[in-house]
Structure formats: C-alpha cells, structure tokens
Amino acid sequence: MTSTRYHLLHDTRYGYTHPVSESRQMIRLTPRELDYQRSLSHQLKIDPPPSRSENWTDSFGNPVRTIDLETSHEHLFIRTESWIEILPRTTPDFSLGPTWENVRDTLAYRAGRALPPDILAASAFCFESPNIRLKREFAAYALDCFTPGLPLMLGVQALMARIFNEFTFDPEATDVATPVTDVFQQRRGVCQDLSHVMISCLRSVGLAARYVSGYLLTLPPPGKPRLIGADATHAWVSVFCPSVGWIDFDPTNNSTPSLEHITVGWGRDFSDVSPVRGVILGGGSHTLDISVTVVPESEFSLVYENGDRASS
C-alpha cells in the first residue's frame, strides 16, 4: 500500500463585541512528525500579527505556538495550512499478544518496583484527568468486553464496537463542557465525547489510554463535490500494549486509524490538546467560526481552482 498526501486548511475566527486590549493564546494546530506521518510543509498565519510568539514542545511531545497580542483588536484570525504525507501503519495481529489482565497487572503500581521507561510513561495515562473519570459504571461496561484471558487488543476492539453500536453521534447533544458521566448516561455525543467515554472505560479497568486529536478525511455525498470548510477536527483513542506500543482506535467510526487519519497531538484528554486556548482582557462576548478542509492531493486542483485558497 502506498502513502497518501493531503492538503490541510484550518481557519479559526474569533469576533468580539468589544475591543480586546490584550490576548495570550496557545495554539496546537501543527501536525506531529511520526513514523507513519510526515509534515511536508506547514504555515501559520495570524491576524492581527502578534507582538510576540514562541514555538515550544509540551510535556506530551506536541508542538505548540504561544502568541501575545498587546494591541487593541476586535477579531482574531488563525489559519494553518499544511501538506501531510501519511504512510501505511503496521497493525499487529490482535489475537496475539498479552492478555488484558497481564497488561493491567504490568501497569499497576507496586511499592518499590522499578518500571521500564515505556511502562512508566504509559502509566501516566491510567488515572483520572480533567475530562476522564474512573467509575464502577465504566468498569462494568468495559468488563462485558474484556472477558477472562482475552488478548488485550481484542478486548479494546470489542469495546470500540460496543460504543459505536450503542452510542448515537449527535452534535446537538453535548458541548465542550459536558461531563463524560452525562455522555455515558444519555448515550449521545460527538467524537470527543465517545473518545472520553472509551478512555474512561479503559482506565477504569486499569489500562493505559490517551486522547488523540487530529483530522479525518470525510467523503462528500454521492455526486456532490468536496466543499471548502466542510470538514472538522476529529478525535480518537490510543491504547498501550507492552512490547507493541500504542495502537489507535476510532470509536466514532469503529475503525483502526490508517491512511485517512491525520494526527495533530495527544494527551490525557481534550483539555491537553485544545486547538486554541488562552486568556483575553476585555472583548465582551464573542463568536467563533471554525472551517476545516482536508483534500487528497489528487483532488487539490478540483477544490481550489488555480490553487486559490478561501479568502480570510
């Protein structure tokens, strides 16, 4: 299987009812460099231009741009434009490998036991975090899939399929602040919510799971052209298996991410990888408009005539 190249355009627009005198923002919109993902080019445009900016790497290895705006402004526009190459991933045989109980016991804390670096790093993703809860209800839901002696990845795959079949994708059911316990009760939400539910289930039975943020190539309706701005950010789950590493699972689509998923970053949950996050002084109320377009290289000229981009 050959690699695939994508053009990615992500526009974020904030409009304020009153002038903002000062703003400080952290931007996590730079795709990661991975064994199966290469960033061929990446540009970041900000209007108004920041007074200061800094590039750095957070504790999870995600690239971050910090910006300071110290002049009065009534809008903030952030555009990221990238060319990304995705290579085929090597997916292990899920029927092989350690049982889920063995992995749970390997990750469990025992006083005085020294852990190898990879196990120690993975154990940080076994606990509660701002959007993840460890609950008996989550553990019971997961244990219907993790039967005794089952290989870890088969159990994760079964849990992913159960969430896919029993939860309804509903953009109107939740917002960014909806607790994962509410999502679990109402069985509705978006990719962020389904990922938080799956991570809560996995961590509640002692497994290591992290939240992955990125993009997914979507297909337009049959007979319709691909539209600029019609896509969105996406989220999925990654699970740690000793001797194998981290394997991705997408509960929203009941799939293991491959050539159609673009990874931006990962963390304990959404709060660690929010695309734009910061503080402002002034501004009153605000409006937010986000436009995302993911285009295969073969369709680029059809979507952007003569290479033109959407106007800012």
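The values are calculated or read from the model by the stated rules, or taken from the named source; none is laboratory data. Fair warning: this is a prediction, and the values are worked out from it, not measured in the lab. A quick note on method: Cβ atoms are made from the backbone with ideal geometry, for glycine too, and the neighbour counts reach across all protein chains shown. These accessible areas exclude ligands, DNA and RNA; they are computed on the full protein's heavy atoms, side chains included. Shrake-Rupley method; radii C 1.70, N 1.55, O 1.52, S 1.80 Å.
Remarks
- Karplus (6.51, -1.76, 1.60) ³J(HN,Hα), θ = phi - 60°, over the range 11-22, in Hz, Gly and Pro reported as x: 10, 10, 10, 10, x, 10, 6, 9, x, 9, 7, 7
- Pairs of Cα atoms farther than 29 Å apart, the range 22-173, %: 46 percent
- Entry note, the chain: relative contact order of 28 percent, from Cα contacts under 8 Å with a spacing of 6+ residues.
- Each peptide among 83-93, 64-74 gets the average number of other Cβ atoms lying within 10 Å of its residues, and from highest to lowest they stand as 64-74, 83-93.
- Using θ = phi - 60° and Karplus 6.51 cos²θ - 1.76 cosθ + 1.60, couplings along the range 64-77 (whole Hz; Gly, Pro as x): 9, 10, 9, 10, 10, 10, 10, 10, 4, 8, 10, 8, 9, 10
- With helices as the sole contributors, the chain gives -5500 deg cm²/dmol at 222 nm; each DSSP H run of n ≥ 4 counts as -39500 (n - 2.57), and the sum is divided by every residue.
- Highest average packing first - 188-198, 44-54, 157-167, 120-130, Cβ atoms within 10 Å: 188-198, 157-167, 120-130, 44-54
- Measuring spread by the Cα atoms of the range 88-236 yields a radius of gyration and Dmax of 17.2, 63 Å.
- More than 35 Å apart - percent of Cα-Cα pairs taken over the chain: 24 percent
- Amide proton proximity set for Val264, modelled H, under 5 Å, gap of 5+: Arg32, Ser213, Gly214, Tyr215
- For the range 34-81, the normalised intensity computed at q = 0.19, 0.26, 0.28, 0.32 Å⁻¹ comes to -0.77, -1.09, -1.16, -1.25 (log10 of I(q)/I(0), Debye sum over alpha carbons, equal scatterers, no solvent).
- Inter-label distance for Lys224 and Glu305, nm, one decimal - labels placed 7 Å from Cα along Cα-to-Cβ: 2.0 nm
- Shape call, the range 97-143: gyration tensor on alpha carbons, a/c limit 1.5: oblate
- Accessible area expressed per residue, the chain, with surrounding protein chains retained (probe 1.4 Å, Å²): 48 Å²
- Under a 5 Å amide H cut-off, with hydrogens placed 1.01 Å from N, Thr99 pairs with Leu152 among residues at least 5 apart or on other chains.
- Close amide H contacts of Asp170 (hydrogens built in the peptide plane, cut-off under 5 Å, sequence separation of 5 or more or a different chain): Gly189, Val190.
- Phi angles across the range 285-293 convert, under the Karplus curve 6.51 cos²θ - 1.76 cosθ + 1.60 with θ = phi - 60°, into 3J(HN,Hα) values of 8, 9, 10, 10, 10, 10, 10, 10, 9 Hz, Gly and Pro given as x.
- Protein accessible area in the chain, 1.4 Å probe - carbon and sulfur %: 52 percent
- Computed over the range 105-218: relative contact order in percent, which uses C-alpha pairs under 8 Å that are six or more apart: 36 percent
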